[in-house]
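Before I ask anything, here is the structure I am working with.
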């Protein structure tokens, strides 16, 4: 069964959930055109999630997707470890003219179950998750509310587990993807769960019998049709939608994406404690060069928050997280509707014409 | 102009040059079927190169490709640095029951010019190079002998330089590729010149006007057609041909490829001093865990040579270099002719049928 039928959409193009970088307006624009708009809700409190769902529903009556992070075990840090990491960050506070920060109360995390409860109460059409494999009990309980469930795999092993636990479809997240790695592993090296899209998709398609949605490095009709040829039933695209005016990224982030090259990104854990792909800037380069302490997610994220917020106020992209995939050079300055229509029209043109070209 | 016309071949499928892992028989088999067979000659002496060319010519009268490494500056090491690296390797010699080795005369490298001279004298149809960008003077001199020249790029920057210096076509080597990275950079981190194929190919195609040949993670007709859709004029495939009986890899290496998964490979410099992708085994894991000294290429290669050779004698894959791309799970147990015919037939089937499938 193809993924469009399962998700009840017209075109198998999913705008990726991108916590704090997407928006109800972006999600609704994509859904209204027959794709699947998404909202990354993991960093919102339950009542904010409810409000965002309401905002989307005011803008579209088509299916949309809400994404959460799977619950992950939190690391316990000593006061000394936290203070060391905080202290290392004062170098950057100083650069931005901020006062030093030598004490922080890391806020407690609202339990996953409380956020999921809102998803279920609101009966959102589609729910997706990243950072690990939800249990079959949880997945069945979500599905029993009539909600379709999409999991995220970065390896064949993760894809098999997702299928076993009952998801309706799997996003195969290739190495090229921008933002956070969706794996359940704590990635520390170049060599963990970082499979390129063109290698991951056919191997995962061969291993499971549910639809696979390709993501990572897909920016235009060439990437979409290539993914379908590799065996994917659809695609998920994040970076391509970041430069649309409907996204909620800082304008400087947008400008950096539009002037980036294939060599602009790094994989780094310095912003949040989880491995993610960002455009290179002073913050990540200096954190690396100075061998600064980096805590795990979500603690690192809490420590860095004031710096990222101040950088936004100062319009200084050197200290923001500039999430980006490896093909950001193909970003365009278009509205979500202009981009989406171009993706569909050009993909269909490719598919129609290609029959004439033999190898 | 398409790459098949430039190279005077029928099908734009290149069997990748794989120094010491390919063979005249493999190259000739692929060339005889209308693809482009290659031989990686960089590790041979000039008269061996001449013999290999003769061997290929006895098996085919079709175009074939000889590959060399660009000359790279050699690092100078003190006796103490060399002894430290040698000493670290004794752990592995001990594991294999070999005597310790505490002194080695690292052989001098035959100059690139002497190897290239054979290529020119023999007027091979196609010459390709990796590990850097040959000067326009050298490229023009090769072309003046009626030889077509292919360079290797791992980034758009390298691709632009290659076009500027006059190559006829560019192999775009994605992150997924097995064996050595073809870049001119000394890669030390996850973040240098490691662009996934699906991101690299369209960006490079947009940046240059000569044909781009996609490589990295391409194993079957799905990969070939996807690469063409991304804008490539052809593909180069290495790992897929390694399991053919015509390749010259050790049988244990072949067995390991056939039983591998998407998570089996690492990028590592421990075998040769240059970053390369290999199946994980005890040697690379232990070198990493024990933080052993690793010299640059070619010195590291010279130090490890006796260990790799002894491992082959003992049929022990744990101490061989097991070059492999990220999609080695798709390797098949077929002859080069069976594999090549399948690639062409299935690619054409895909291209013919796809016109019916709209998104």
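Output yes when any residue across the stretch A:49-61 is in a loop (DSSP other than H, G, I, E, B) and under 18 Å from residue A:336 (Cβ atoms), and no when none is.
Yes, because at least one residue in the stretch A:49-61 is in a loop (DSSP other than H, G, I, E, B) and under 18 Å from residue A:336 (Cβ atoms).
Are any residues in the stretch B:29-47 part of a loop (DSSP other than H, G, I, E, B) and surrounded by fewer than 24 Cβ atoms within 10 Å (Cβ to Cβ), and if so, which ones?
Of everything in the stretch B:29-47, those that are part of a loop (DSSP other than H, G, I, E, B) and surrounded by fewer than 24 Cβ atoms within 10 Å (Cβ to Cβ) turn out to be B:33, B:34, B:42, B:43, B:44, B:45.
To continue, here is another question. So, in the stretch B:234-265, exactly how many residues are over 22 Å from residue A:159 (Cβ atoms) and assigned to a loop (DSSP other than H, G, I, E, B)?
9
When you go through (1) without any contact (Cβ under 8 Å) to a residue 60 or more places away in the chain; (2) crowded, with 24+ Cβ neighbours inside 10 Å; (3) out of contact with any strand residue (DSSP E or B) (no Cβ under 6 Å at 6 or more places or on another chain) one by one for residue B:9, which number turns out not to apply?
Answer for residue B:9: the failing condition is (3).
Which residues, taken from the stretch B:339-353, are within 11 Å of another protein chain (Cβ to nearest Cβ) and within 20 Å of the chain's Cα centre (by Cα)?
Within the stretch B:339-353, B:343 is the sole residue that qualifies.
Residue A:258 is checked against (1) more than 8 Å from chain B (Cβ to nearest Cβ); (2) over 24 Å from residue A:347 (Cβ atoms); (3) surrounded by fewer than 22 Cβ atoms within 10 Å (Cβ to Cβ) and fails just one. What number does that condition carry?
Going through the list (1) more than 8 Å from chain B (Cβ to nearest Cβ); (2) over 24 Å from residue A:347 (Cβ atoms); (3) surrounded by fewer than 22 Cβ atoms within 10 Å (Cβ to Cβ), residue A:258 breaks only (2).
Among B:139, B:106, which is the only one that is surrounded by 12 or more Cβ atoms within 10 Å (Cβ to Cβ), within 29 Å of residue B:192 (Cβ to Cβ) and out of contact with any strand residue (DSSP E or B) (no Cβ under 9 Å at 6 or more places or on another chain)?
Working: B:139 fails: out of contact with any strand residue (DSSP E or B) (no Cβ under 9 Å at 6 or more places or on another chain).
On inspection, the qualifying residue turns out to be B:106.
Regarding the stretch B:37-44, can at least one residue be identified that is within 17 Å of residue B:214 (Cβ to Cβ), touching a residue at least 60 places away in the same chain (Cβ under 8 Å) and in contact with a strand residue (DSSP E or B) (Cβ under 6 Å, 6 or more places away or on another chain)?
Let us first name the residues in the stretch B:37-44 that are within 17 Å of residue B:214 (Cβ to Cβ), namely B:38.
Right, trim to touching a residue at least 60 places away in the same chain (Cβ under 8 Å) and you get B:38.
From the residues that got through so far, the ones that are in contact with a strand residue (DSSP E or B) (Cβ under 6 Å, 6 or more places away or on another chain) too are B:38.
Within the stretch B:37-44, one or more residues are within 17 Å of residue B:214 (Cβ to Cβ), touching a residue at least 60 places away in the same chain (Cβ under 8 Å) and in contact with a strand residue (DSSP E or B) (Cβ under 6 Å, 6 or more places away or on another chain).
Would you tally the residues in the stretch B:142-156 being at negative phi and surrounded by fewer than 18 Cβ atoms within 10 Å (Cβ to Cβ)?
Quick first cut of the stretch B:142-156, residues at negative phi only: B:142-145, B:147-156.
Applying the additional criterion that residues be surrounded by fewer than 18 Cβ atoms within 10 Å (Cβ to Cβ) yields B:143-145.
Here the count works out to 3.
Now for a separate question. Across the stretch A:310-338, what is the total count of residues that are farther than 19 Å from residue A:25 by Cα, more than 14 Å from chain B (Cβ to nearest Cβ) and not in a loop (DSSP other than H, G, I, E, B)?
8
Given the structure, is residue B:324 crowded, with 18+ Cβ neighbours inside 10 Å, within 18 Å of residue A:192 (Cβ to Cβ) and under 20 Å from the mean Cα position of the chain (by Cα)?
Yes.
Within the stretch B:261-276, can you find the residues that are within 12 Å of another protein chain (Cβ to nearest Cβ), in contact (Cβ under 8 Å) with a residue 40 or more places away in the chain and in contact with a helix residue (DSSP H, G or I) (Cβ under 6 Å, 6 or more places away or on another chain)?
Listed by number, the residues that qualify are B:261, B:262.
Which of the helices (runs of 4 or more DSSP H) found entirely inside the stretch B:112-226 contain at least 2 residues meeting this: within 14 Å of chain A (Cβ to nearest Cβ)?
In the stretch B:112-226, the matching helices (runs of 4 or more DSSP H) lie at B:156-164, B:197-207.
Being under 27 Å from residue B:156 (Cα atoms) and buried (at least 22 other Cβ atoms within 10 Å of the Cβ) is the filter here, so list the residues in the stretch B:120-132 that pass it.
Answer for the stretch B:120-132, where residues must be under 27 Å from residue B:156 (Cα atoms) and buried (at least 22 other Cβ atoms within 10 Å of the Cβ): B:126, B:127, B:128, B:129, B:130.
Looking only at residues that are within 12 Å of another protein chain (Cβ to nearest Cβ) and within 19 Å of residue A:94 (Cβ to Cβ) in the stretch A:277-309, which one is surrounded by the fewest Cβ atoms within 10 Å (Cβ to Cβ)?
Of everything passing the filter in the stretch A:277-309, A:289 is surrounded by the fewest Cβ atoms within 10 Å (Cβ to Cβ).
Quick one: residue B:71 ticks every box in (1) touching a helix residue (DSSP H, G or I) at 6+ places or on another chain (Cβ under 8 Å); (2) modelled with pLDDT of 95 or more except a single one, so which number is it?
Condition (2) is where residue B:71 drops out.
Determine whether the stretch A:335-343 contains at least one residue that is closer than 25 Å to residue B:234 by Cα and either touching a helix residue (DSSP H, G or I) at 6+ places or on another chain (Cβ under 6 Å) or assigned by TED's automatic domain parsing to the domain that holds residue A:217 (or both).
Let us first name the residues in the stretch A:335-343 that are closer than 25 Å to residue B:234 by Cα, namely A:343.
Now narrow it down to the ones that are either touching a helix residue (DSSP H, G or I) at 6+ places or on another chain (Cβ under 6 Å) or assigned by TED's automatic domain parsing to the domain that holds residue A:217 (or both): A:343.
Scanning the stretch A:335-343, I find at least one residue that is closer than 25 Å to residue B:234 by Cα and either touching a helix residue (DSSP H, G or I) at 6+ places or on another chain (Cβ under 6 Å) or assigned by TED's automatic domain parsing to the domain that holds residue A:217 (or both), so the answer is yes.
Applying the selection to the stretch B:5-18, what residues are more than 13 Å from residue B:150 (Cβ to Cβ) and part of a helix (DSSP H, G or I)?
Answer for the stretch B:5-18, where residues must be more than 13 Å from residue B:150 (Cβ to Cβ) and part of a helix (DSSP H, G or I): just B:5.
Continuing with the same structure: Go over the candidates A:85, A:117 one by one and state the one that is assigned by TED's automatic domain parsing to the domain that holds residue A:39 and either out of contact with any strand residue (DSSP E or B) (no Cβ under 7 Å at 6 or more places or on another chain) or exposed (fewer than 13 other Cβ atoms within 10 Å of the Cβ) (or both).
None of the others qualify; the one that does is A:117.
The values are calculated or read from the model by the stated rules, or taken from the named source; none is laboratory data. Remember, it's a predicted structure, so these values are computed and weren't measured experimentally. Methodologically, a virtual Cβ is constructed for each residue, glycine included, from the backbone with ideal geometry; neighbour enumeration extends over all protein chains shown.
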